[in-house]
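Working notes for the structure below.
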Amino acid sequence: MNSRLTPHTAFLLTLAPLLWAGNAIVGRLVHELVPPMTLNFLRWLLALLILLPLAGPVFGRDSNLWRHWHHYAVLGLLGVGMYNALQYLALQSSTPINVTLVAAGMPVWMMATGWLFFGAAVTRRQIVGAVLSIGGVLVVLARGEWHHLLELRLVAGDLFMILATIAWSLYSWLLIRTSEPAALRGNWASFLIAQVGFGVAWSGAFAAGEWAILDPVIHWNTTLIAALVYVAIGPAIIAFRCWGAGVQQAGPAIAAFFSNLTPLFAALMSSAFLGEAPHLYHGVAFLLIVGGIVVSSRRPA
């Protein structure tokens, strides 16, 4: 695996957080129109239908996919079924800014996952960058006043987002495994649809459980339809394509710091679309997060 951060790779790893920030905004906008698990299922079902004309033969009887189905089933569970469902669930009780900032602990989880399960070394720069990013998370959780940390109580949305972040860390490391056939990994649409196919099955099972346990209602209107189209094309197909390519080029550890751009974009979008203006402490948190990206991605002299 190459671990290079070129301008093209940086663009890919920046575009994905931009689209995911929009996903957080849209998830918050429609949280009263559709239950979270159902939203995740409808999103990925639509994405699957869009991808079928591009790579439908992947599901053929003679496809190499079925020799590695267990790997793609895990990718679909972690990246499609769990991460997105948990994020939508978190947005039921949290704002997009807070949800994306809690997820800024991604570098720590990414380094820990790589070290524990994939034999990846942890560099001093990555540790410094992670400390800066976690500092940004603590600033927003403390609302700019450190004594608030003593009063801190995690709400349900925070806990769901922590679980989502751990799932995404595992997913990102599994992306760089090279045991799959080149015919799948070499074609972005085939590689993505292989994950989405299993992901739709997982998210469908979660949505079925939601309808069995609760008594949800879907309020169909033009806002919900437009939201589904956006989250299926932008944060799903385009962002996953960019993230997958960026991770394979730069490595999961460096890519994790770019995911922390999501709260920066989410704050700007929240101000524009939800009327949730960011505070000064959000700006301090953003500086710490961006500082973590700069420190971790710099090459030694």
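What to note about this one:
- Pairing residues of segment 233-250 that are within 17 Å of VAL200 (Cα to Cα) and charged (D, E, K, R) with residues that are modelled with pLDDT under 90 and not in a helix (DSSP H, G or I), at Cβ distances under 8 Å and at least 6 apart in sequence or on separate chains, gives no pairs at all.
- Lone unmet requirement of (1) assigned to a helix (DSSP H, G or I); (2) modelled with pLDDT under 80; (3) over 28 Å from LEU288 (Cα atoms) for LEU150: (3)
- Complete set of residues in segment 191-230 that are β-branched (Val, Ile, Thr) and either touching a His at 6+ places or on another chain (Cβ under 8 Å) or part of a loop (DSSP other than H, G, I, E, B) (or both): VAL217, ILE218
- For the residues TRP109, TRP69, the requirement of being in contact with a Ser or Thr (Cβ under 6 Å, 6 or more places away or on another chain), in a helix (DSSP H, G or I) and in contact (Cβ under 8 Å) with a residue 12 or more places away in the chain singles out TRP109.
- Selection over segment 72-106 of residues that are crowded, with 24+ Cβ neighbours inside 10 Å and not in a helix (DSSP H, G or I) gives a count of 1.
The values are calculated or read from the model by the stated rules, or taken from the named source; none is laboratory data. Keep in mind it's a predicted model, so treat the numbers as computed, not measured. Don't worry about glycine lacking a Cβ; one is built from the backbone with ideal geometry, like all the others, and counts go over all protein chains shown.
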